[in-house]
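Here the structure is laid out as structure tokens; the discussion comes afterwards.
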Amino acid sequence: MEASLAGLAFLAVTSAALLSPLAVVGQLRTDYYTTICPNLETIVRSSVKQSMAASPISAPATLRLFFHDCAVRGCDASIMIVNSNGDDEWRNSDNQSLKPEGFTTVLNAKAAVDSDPQCRYKVSCADILALAARESVYQSGGPNYQVELGRYDGRVSTRDSVVLPHANFNLDQLNAFFAGLGLSQTDMIALSGGHTFGAADCRFFQYRIGADPAMDQGFAAQLRNTCGGNPNNFAFLNGATPAAFDNAYYRGLQQGRGLLGSDQALHADQRSRGTVDYYAWSQSAFFGDFAAAMTRLGRVGVKTAATGGEIRRDCRFPN
């Protein structure tokens with residue numbers, strides 16, 4: 001059920017307290033594994049490349065997995081945990097659309113890292129997920145930004161802890177949610193650019209077809225044919241370049257071709273339209289802001305050994 005604005009305002013306050021990045025920024029460093037696992041980034045880059053070659057879904061699925069992890073309990077790979085009683089994050093209804101290729105990409109990268117004797121059981125799943133997300137972006141044509149490292153893995157994952165933005169959110173609802181993570185409207189619009197690749201099931205946007213005046217009518221007709229009467233059919237989030245990480249997503253919003261209501265709202269609302277237009281005009285500006293926003297997102301709710309974190313041997317199970 002869609003959260004109310006009042007509920008989101010409360011969430012913004014409580015999440016800021018629980019997931020504040022300020023206490024852990026000093027713990028994270030781009031050179032954290034220089035002596036611990038010097039070949040880490042090369043290993044992850046190679047593994048992600050293999051995953052992307054095996055499936056075009058893996059890159060957008062991995063990026064989305066990173067957001068769904070950080071936005072709930074912080075960037076602690078709790079989204080990866082499989083609990084025997086079925087009470088875990090990925091079995092929440094809001095996470096059921098996560099694609100298995102994202103999980104597989106991270107598990108394969110973890111196996112590749114642990115196959116190096118110098119690295120074995122010394123690199124957290126949370127850090128591997130952060131690196132795999134960057135590689136998914138970079139190897140799809142996006143920015144090659146530096147990733148801060150030094151996260152520990154969480155031990156807890158529960159279904160009821162999952163609160164995520166919905167596909168029909170308006171700008172106020174989106175801003176309230178992201179403010180709870182310590183992120184700005186600009187961060188939110190830049191991170192939304194992750195929808196420049198990947199797809200969404202018809203059930204997330206079918207209600208808009210023929211009913212939302214912000215949707216281009218030709219696009220609506222195309223989607224009507226795509227979806228038919230089957231909510232499990234899908235459409236690309238950015239039909240122009242669906243497998244590339246670029247700024248075509250924002251140009252699509254300018255044309256009324258945003259797939260999700262929460263995407264099109266960024267251009268429909270005058271308070272955010274200027275940023276959308278700027279990113280549509282300048283891919284380099286989008287890339288720079290996206291990299292900065294991913295860095296800030298990667299600081300949310302980071303765990304330490306002192307706060308109960310660990311280095312998981314198997315990303316699916318606490319040690």
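The values are calculated or read from the model by the stated rules, or taken from the named source; none is laboratory data. Bear in mind the structure is a predicted one, so any value in this text is a computation, not a measurement. Reconstructed Cβ throughout: ideal geometry from the backbone, glycine too, with neighbour counts over all protein chains shown. Heavy atoms of the whole protein, side chains included, go into the accessibility calculation; ligands, DNA and RNA do not. Shrake-Rupley method; radii C 1.70, N 1.55, O 1.52, S 1.80 Å.
List of remarks:
- Cβ pairs under 7 Å, 6+ apart, first in the range 298-319 and farther than 17 Å from G182 by Cβ, second open to solvent by 40 Å² or more (accessible area, probe 1.4 Å) and among the β-branched types (V, I, T): R316/V82; F317/V82
- Per-region count, the range 271-319, residues over 26 Å from A240 (Cα atoms), open to solvent by less than 50 Å² (accessible area, probe 1.4 Å), part of a loop (DSSP other than H, G, I, E, B) and polar (S, T, N, Q): 1
- In the range 90-100, the condition of being without any contact (Cβ under 8 Å) to a residue 12 or more places away in the chain, out of contact with any Lys or Arg (no Cβ under 6 Å at 6 or more places or on another chain) and among the small types (G, A, S) is met by at least one residue.
- Taking the range 22-78 as the range and being outside any helix (DSSP H, G or I) and crowded, with 18+ Cβ neighbours inside 10 Å as the test, the residues that pass are V24, L28, Y32, Y33, C37, I57, G74, C75, D76, A77.
- Some residue of the range 97-116 being under 14 Å from E41 (Cβ atoms) and either assigned to a loop (DSSP other than H, G, I, E, B) or open to solvent by 50 Å² or more (accessible area, probe 1.4 Å) (or both): yes
- Verdict on S192 being of a type in the set (S, T, N, Q), in contact with a His (Cβ under 8 Å, 6 or more places away or on another chain), crowded, with 16+ Cβ neighbours inside 10 Å and at pLDDT 95 or above: no
- Residue count for the range 149-166, restricted to those that are under 16 Å from the mean Cα position of the chain (by Cα) and open to solvent by 20 Å² or more (accessible area, probe 1.4 Å): 3.
- Every listed requirement among (1) surrounded by fewer than 21 Cβ atoms within 10 Å (Cβ to Cβ); (2) more than 21 Å from P143 (Cα to Cα) is met by S262 save one, (1).
- For the range 208-226, a residue qualifies if it is open to solvent by 10 Å² or more (accessible area, probe 1.4 Å) and either touching a helix residue (DSSP H, G or I) at 6+ places or on another chain (Cβ under 8 Å) or not in a helix (DSSP H, G or I) (or both), and the qualifying residues are I209, G210, A211, D212, P213, A214, D216, T226.
- Residues within the range 128-176 that are part of a helix (DSSP H, G or I) and either over 19 Å from Q50 (Cβ atoms) or among the hydroxyl-bearing types (S, T, Y) (or both), tallied: 11
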